[in-house]
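A short write-up of the structure that comes next.
The values are calculated or read from the model by the stated rules, or taken from the named source; none is laboratory data. Please read these numbers as outputs of a predicted model, since none were measured by experiment. Neighbour counts run over all protein chains shown; Cβ positions are idealised from the backbone, glycine included. Heads up: the accessible areas ignore ligands, DNA and RNA and are worked out on the full protein's heavy atoms, side chains in. Shrake-Rupley method; radii C 1.70, N 1.55, O 1.52, S 1.80 Å.
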Amino acid sequence: MAAFLCALLLWLNSAAAHVVVLSPKDQVLSLNTLFEHRTDTGGTLTVDAVTTDGGEWDDSRQQAFGYTRQVHWFRLHLLRPPQASADWVLELGRPYVDDIRVYVGDGGKGWTEYRLGDHQPVAERPLAARLFAMPLDLPADKPVTLLIRTESTSATVLTASMWRPHAFAGQQSRDGLLFGVFYGALFVVVLFHFSIGLWIADRTHIIYAGFVLTQLVSYGFINGFAQLTFEQSWQHLSDRTINITNFTGSLLATWLWTEILQMRRNYPRLRILYLGVMAIYLVMVAIGWGRLYTDLAPLSFLLSMTVSILTLAVSARLLLRHPRQMTLWFYLLAFVVANLGLLIHTLSLVGLIPLYLLPENLFQVSSIAHIVLLSAGLFYRVRQLDQERSQAREDAISASVRADGQRSLMAMLSHEFRTPLSMIHSAAQMVRFREPRMATGSLERLERIEGTARRLSALIDVFLASDALDQGKIVLNPRPGDLSVLVERVLTQFGNQAQRIRVSPFPPIRLTADHDLLAVALRNCLANALNYSPPQSPVHLALIQTDDTVSLVVEDEGHGIAAEELENIGTPYYRGQSSIGKTGSGLGISMVRTIIAAHGGAMTLESAPGAGTKITLSLREQAIAPSRA
């Protein structure tokens with residue numbers, strides 16, 4: 001025995017390596033911090049060269065080396081006393097390492113090679129397990145050297161442990177149960193949010209369901225269960241799937257936050273940045289396969305961290321404004337958990353945080369916590385949307401009741417006002433007829449009476465026509481007609497004001513439309529132009545015919561409309577700052593838009609302060625019937 005110990009000490013001294021002495025009480029033994037390490041930059045060293053070339057081995061306990069194409073070697077010596085069991089299972093990870101080769105020394109006679117790694121079909125592995133496992137039969141009182149060679153396009157990480165066979169079988173059962181619950185929960189989340197998204201027609205939930213689905217598929221391969229399910233029949237099945245789902249998940253996560261935070265409306269500039277990040281992820285999905293993944297994965301992690309930090313900042317800012325919104329609290333907590341998990345995971349992959357200090361599935365635990373918190377936030381979002389919709393329905397019912405009352409009142413007032421206004425207008429015309437030589441002052445007063453009566457009658461017509469159009473009670477009566485007749489009829493309604501309207505020459509144009517309603521629309525456009533421009537300035541009217549449209553263009557030389565008011569022009573009863581001191585109801589342009597839309601056309605409004613206003617009424621091709629000579 002003494003001779004054996006002396007020989008052992010001499011051998012250990014010459015090998016300059018660690019030795020692990022097994023104990024009879026050991027059921028499982030972690031080897032994570034016991035390996036010596038050596039880097040093979042060119043990937044050319046053989047097992048014999050590694051053991052004989054005199055290269056240096058380090059014992060830094062490092063297990064992770066980031067995304068690198070370099071080959072890494074690990075060395076360890078095992079010694080089994082006679083009292084310890086001879087049968088063991090060596091388990092190596094992580095399941096996404098492409099190529100793992102284990103060399104077991106046989107006392108100086110040579111090396112026995114075992115091929116592992118996710119490029120190795122499951123059927124050709126020594127043992128079918130979620131991690132890479134192989135049996136070890138250790139002789140008593142004879143040191144056994146293990147050499148492990150790793151190479152991968154993904155992160156190079158090595159975890160190792162030894163199990164007694166019955167303990168290994170029990171651990172496999174426990175892992176299957178725990179991960180089954182984990183995957184089942186993710187699958188339920190996918191179905192729930194996909195169904196909710198279809199039910200309420202909200203793409204946010206559908207995007208989220210897609211994101212969780214990518215995590216489900218990715219974790220299935222990262223944890224090694226998908227390889228068992230599909231038996232790793234294709235050499236690159238695992239790494240290609242992980243590559244695609246990682247990039248796709250990052251793309252969907254970025255898209256998700258543009259929807260949740262309503263960036264199109266609230267943060268349009270930040271949304272452009274997010275769209276750029278999404279475009280980069282889309283390119284990564286298309287080209288980031290195989291060995292190129294090694295170069296693109298760090299960029300993907302950096303982009304994910306950047307997006308997460310920006311989203312966290314936006315969520316925190318919104319929370320400061322609305323501290324009582326539970327949805328924002330869940331979003332904030334979800335991002336704190338996700339960012340912390342992603343940061344620790346990234347630092348551990350590049351070796352800055354020792355893996356032996358962390359639970360094996362810490363990143364997935366943080367991911368499931370993130371998904372739970374985010375699902376809770378989306379649940380509260382659905383609840384809030386439902387409350388808003390209920391409130392909107394109640395408001396709509398109340399508004400409808402009020403509108404019915406207003407319409408009844410307006411119809412009654414219009415009927416009561418129309419008759420006396422007609423009598424006033426007729427009386428004024430009779431006075432003019434009977435007194436042709438009326439004094440200038442009296443004639444001006446008479447013209448004001450006639451003008452006021454006309455404006456009040458027109459105002460009543462506007463109210464009644466606008467209400468009828470909104471209720472769909474006016475049916476279009478299209479008929480062919482000459483636009484020159486329509487223009488002339490409208491111009492006569494402006495009396496002396498018609499002198500300010502400059503009509504550009506246009507060819508005869510016949511149009512099939514409701515000419516009465518078009519006359520109302522054109523009259524309102526001209527009335528607005530005359531009313532909101534200087535008294536002596538001209539108003540320009542042009543009719544333009546192209547191959548597929550006829551456009552009526554009214555342009556004035558007034559003060560123009562500010563940009564912040566322009567988008568509200570056409571809203572019923574809205575009147576901008578420029579209308580202060582001017583007569584009007586705020587219904588004219590709204591009615592114009594409704595009439596043109598009823599004809600299948602479009603109204604566009606262009607204006608700027610100091611540059612006047614231009615209204616274009618465009619009718620589509622099918623409404624046009626060219627005139628015949």
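Which residue pairs have Cβ atoms under 7 Å apart, sit 6 or more places apart or on different chains, and have a first residue in region 43-56 that is surrounded by fewer than 13 Cβ atoms within 10 Å (Cβ to Cβ) and a second that is acidic (Asp, Glu)?
Gly43/Glu151
Given the criterion of a type in the set (Gly, Ala, Ser), at pLDDT 85 or above and under 19 Å from Lys109 (Cα atoms), identify the matching residue among Ala49, Ala15.
Exactly one residue qualifies, and that residue is Ala49.
Tell me the residue from Leu303, Leu340, Leu296, Leu310 that is in a helix (DSSP H, G or I) and open to solvent by 70 Å² or more (accessible area, probe 1.4 Å), please.
Leu340
What number of residues within region 163-197 are closer than 30 Å to Lys25 by Cα and part of a helix (DSSP H, G or I)?
Final tally of qualifying residues: 15.
Suppose we keep only residues that are open to solvent by less than 40 Å² (accessible area, probe 1.4 Å) and among the polar types (S, T, N, Q) within region 218-243. Which one would you say is nearest to Leu385 (Cα to Cα)?
Ser218
Among the listed residues Arg115, Arg174, identify the single one that is surrounded by fewer than 19 Cβ atoms within 10 Å (Cβ to Cβ) and in contact with an Asp or Glu (Cβ under 8 Å, 6 or more places away or on another chain).
Arg115
Would a scan of region 599-619 turn up a residue that is within 20 Å of Ala542 (Cα to Cα), modelled with pLDDT of 80 or more and of a type in the set (Asp, Glu)?
For region 599-619, residues within 20 Å of Ala542 (Cα to Cα), modelled with pLDDT of 80 or more and of a type in the set (Asp, Glu): present.
Of all residues in region 122-138, which are surrounded by 13 or more Cβ atoms within 10 Å (Cβ to Cβ) and farther than 17 Å from Ile100 by Cβ?
Leu138
Are any of the residues in region 137-151 modelled with pLDDT of 90 or more, more than 26 Å from Arg240 (Cβ to Cβ) and within 37 Å of the chain's Cα centre (by Cα)?
No, region 137-151 has no match at all.
For the condition over 20 Å from Tyr274 (Cα atoms), open to solvent by 60 Å² or more (accessible area, probe 1.4 Å) and not acidic (Asp, Glu), what is the one hit in Arg381, Arg389?
On inspection, the qualifying residue turns out to be Arg389.
Just the residues that are assigned to a loop (DSSP other than H, G, I, E, B) and either among the aliphatic types (A, V, I, L, M) or open to solvent by 10 Å² or more (accessible area, probe 1.4 Å) (or both), please, taken from region 74-97.
Restricting attention to region 74-97, the residues satisfying the condition of being assigned to a loop (DSSP other than H, G, I, E, B) are 81-86, 94-97.
Passing the criteria: Pro81, Pro82, Gln83, Ala84, Ser85, Ala86, Arg94, Tyr96, Val97.
Just for region 244-291: of the residues that are touching a residue at least 60 places away in the same chain (Cβ under 8 Å) and under 25 Å from Asp99 (Cβ atoms), which one is surrounded by the most Cβ atoms within 10 Å (Cβ to Cβ)? Reasoning before the result, please.
If we filter region 244-291 for residues that are touching a residue at least 60 places away in the same chain (Cβ under 8 Å), which is where we start, we get 260, 290-291.
Subsequent filtering for residues that are under 25 Å from Asp99 (Cβ atoms) retains 290-291.
Details: Gly290: 13, Arg291: 10.
Across region 244-291, the extreme among qualifying residues is Gly290.
Give Gly197, Gly184 a once-over and let me know the one that is loosely packed, with under 14 Cβ neighbours inside 10 Å, among the small types (Gly, Ala, Ser) and farther than 21 Å from Pro359 by Cα.
Criteria check complete, one pass: Gly184.
Test Ala498 against the stated conditions and say whether it is more than 18 Å from Ile561 (Cα to Cα), open to solvent by less than 20 Å² (accessible area, probe 1.4 Å) and part of a helix (DSSP H, G or I).
Answer is no for this residue.
Please tell me if Ser367 is modelled with pLDDT of 75 or more and open to solvent by less than 70 Å² (accessible area, probe 1.4 Å).
Details: modelled with pLDDT of 75 or more: yes; open to solvent by less than 70 Å² (accessible area, probe 1.4 Å): yes.
Judged against the criteria, Ser367 is a match.
Considering only region 28-39, state which residues are open to solvent by less than 60 Å² (accessible area, probe 1.4 Å) and out of contact with any Gly (no Cβ under 9 Å at 6 or more places or on another chain).
Residues satisfying the conditions are Leu29, Leu31, Asn32, Thr33, Leu34, Phe35, Glu36, His37, Thr39.
Can you tell me which residues in region 546-569 are closer than 30 Å to Pro508 by Cβ, of a type in the set (S, T, N, Q) and modelled with pLDDT under 85? Walk me through it before giving the result.
Just the residues of region 546-569 that are closer than 30 Å to Pro508 by Cβ, to begin with: 546-557.
Narrowing the set further to residues that are of a type in the set (S, T, N, Q) leaves 546, 549, 551.
The answer is Thr546, Thr549.
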